[in-house]
Amino acid sequence: MKYSMCMATIGVVGASIASFFGGWDAALKTLIIFMAADYICGLAVAGIFHASKHSTGGRLESREGMKGLFRKAGALLCVLIAAQLDLILGSDFTRDAVVIAFICNEALSILENLGLMGVPVPQRLKDAVDALKNGKED
């Protein structure tokens with residue numbers, strides 16, 4: 001009985017949180033997956049490959065890891081704000097645009113981390129990452 005009550009409570013809390021973010025759809029799920037993948041890749045780059053651009057000597061530092069988590073929390077806060085604005089405006093555009101922008105940002109970071117790990121990233125993707133970082137258009 002206690003187990004089912006606990007699961008029901010977790011379900012209600014989870015559904016409430018998802019509703020604040022505009023619902024648990026493919027876009028939000030993709031963003032969460034990309035955020036987790038980027039964080040894991042960042043840990044691998046720093047902890048295993050010692051090639052992080054965010055820490056001294058490229059090594060794993062708890063302060064830098066915490067900064068990364070807070071950045072991701074900030075991104076989710078932006079999604080939350082956009083979802084609430086959409087409720088007022090009666091649209092889905094703002095939240096979707098914000099989620100897509102953060103998905104793109106996470107994808108670029110994942111590609112950069114994979115490159116630092118020595119994974120062969122196609123030159124075209126590297127060029128696209130460099131162009132986006134430098135604000136240039138190809």
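Among (1) in a helix (DSSP H, G or I); (2) at pLDDT below 95, which single condition is LYS72 missing?
(2)
A quick yes/no check of all residues on (1) of a type outside the set (Lys, Arg); (2) under 25 Å from ILE100 (Cα atoms); (3) in a helix (DSSP H, G or I); (4) without any contact (Cβ under 8 Å) to a residue 24 or more places away in the chain:
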| site | (1), (2), (3), (4) |
| --- | --- |
| CYS6 | yes, no, yes, yes |
| GLY22 | yes, yes, no, no |
| MET35 | yes, yes, yes, no |
| GLY42 | yes, yes, yes, no |
| LYS67 | no, yes, yes, yes |
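Against the definition (under 23 Å from ALA75 (Cβ atoms), among the aliphatic types (A, V, I, L, M) and surrounded by fewer than 13 Cβ atoms within 10 Å (Cβ to Cβ)), how does ILE17 come out, yes or no? Even if it seems obvious, please write down each step before you answer.
Values: under 23 Å from ALA75 (Cβ atoms): yes; among the aliphatic types (A, V, I, L, M): yes; surrounded by fewer than 13 Cβ atoms within 10 Å (Cβ to Cβ): yes.
For ILE17, the condition - under 23 Å from ALA75 (Cβ atoms), among the aliphatic types (A, V, I, L, M) and surrounded by fewer than 13 Cβ atoms within 10 Å (Cβ to Cβ) - is met.
Regarding SER62, is this residue open to solvent by less than 30 Å² (accessible area, probe 1.4 Å), closer than 25 Å to GLY115 by Cα and hydroxyl-bearing (Ser, Thr, Tyr)? Walk me through it before giving the result.
Details: open to solvent by less than 30 Å² (accessible area, probe 1.4 Å): no; closer than 25 Å to GLY115 by Cα: yes; hydroxyl-bearing (Ser, Thr, Tyr): yes.
When the stated conditions are applied, SER62 does not pass them.
State all residues of region 100-131 that are farther than 25 Å from SER55 by Cβ and out of contact with any Asp or Glu (no Cβ under 9 Å at 6 or more places or on another chain); if no residue qualifies, say none.
Start the filter on region 100-131 by keeping residues that are farther than 25 Å from SER55 by Cβ, which leaves 100-101, 103, 122-124, 127-128, 131.
Answer for region 100-131, where residues must be farther than 25 Å from SER55 by Cβ and out of contact with any Asp or Glu (no Cβ under 9 Å at 6 or more places or on another chain): ILE100, ALA101, ILE103, PRO122, GLN123, ARG124.
Report every pair of residues separated by at least 6 positions or lying on different chains whose Cβ atoms are under 9 Å apart, first residue within region 72-91 and farther than 21 Å from ILE32 by Cα, second modelled with pLDDT of 95 or more and in a helix (DSSP H, G or I).
Close Cβ pairs (under 9 Å, with a partner that is modelled with pLDDT of 95 or more and in a helix (DSSP H, G or I)) amount to SER91/LEU85.
Count, please, the residues in region 80-112 that happen to be open to solvent by less than 40 Å² (accessible area, probe 1.4 Å) and assigned to a loop (DSSP other than H, G, I, E, B).
The total comes to 0.
Filter region 20-59 down to residues that are aromatic (Phe, Trp, Tyr), open to solvent by 70 Å² or more (accessible area, probe 1.4 Å) and under 19 Å from LYS72 (Cβ atoms), then give me how many there are.
Step one: list which residues in region 20-59 are aromatic (Phe, Trp, Tyr), which gives 20-21, 24, 34, 39, 49.
Now drop any that are not open to solvent by 70 Å² or more (accessible area, probe 1.4 Å), which leaves 20, 24, 49.
Still in the list and also under 19 Å from LYS72 (Cβ atoms): 20, 24.
Number satisfying all stated conditions: 2.
Out of all the residues in region 113-134, which are of a type in the set (Val, Ile, Thr) and either in contact with a helix residue (DSSP H, G or I) (Cβ under 7 Å, 6 or more places away or on another chain) or in a helix (DSSP H, G or I) (or both)? Full working, then the answer.
In the first step, residues of region 113-134 are kept if they are of a type in the set (Val, Ile, Thr); the result is 119, 121, 129.
Listed by number, the residues that qualify are VAL121, VAL129.
Quick one: is ARG59 in contact with a His (Cβ under 6 Å, 6 or more places away or on another chain), among the basic types (Lys, Arg) and touching a residue at least 12 places away in the same chain (Cβ under 8 Å)?
Values: in contact with a His (Cβ under 6 Å, 6 or more places away or on another chain): yes; among the basic types (Lys, Arg): yes; touching a residue at least 12 places away in the same chain (Cβ under 8 Å): yes.
When the stated conditions are applied, ARG59 passes them.
If you scan region 24-33, which residues turn out to be free of Cβ contacts under 8 Å to residues at least 40 places away in the same chain and either over 20 Å from CYS104 (Cα atoms) or assigned to a helix (DSSP H, G or I) (or both)?
Of all residues in region 24-33, those free of Cβ contacts under 8 Å to residues at least 40 places away in the same chain come to 24-26, 29, 32-33.
Selection gives ALA26, LYS29, ILE32, ILE33.
The values are calculated or read from the model by the stated rules, or taken from the named source; none is laboratory data. Computed from a prediction, not measured in an experiment: that's the story for all the values here. Counting neighbours? That spans all protein chains shown, and the Cβs are built from the backbone with ideal geometry, glycine included. With ligands, DNA and RNA removed, areas are computed over all heavy atoms of the protein, side chains included. Shrake-Rupley method; radii C 1.70, N 1.55, O 1.52, S 1.80 Å.
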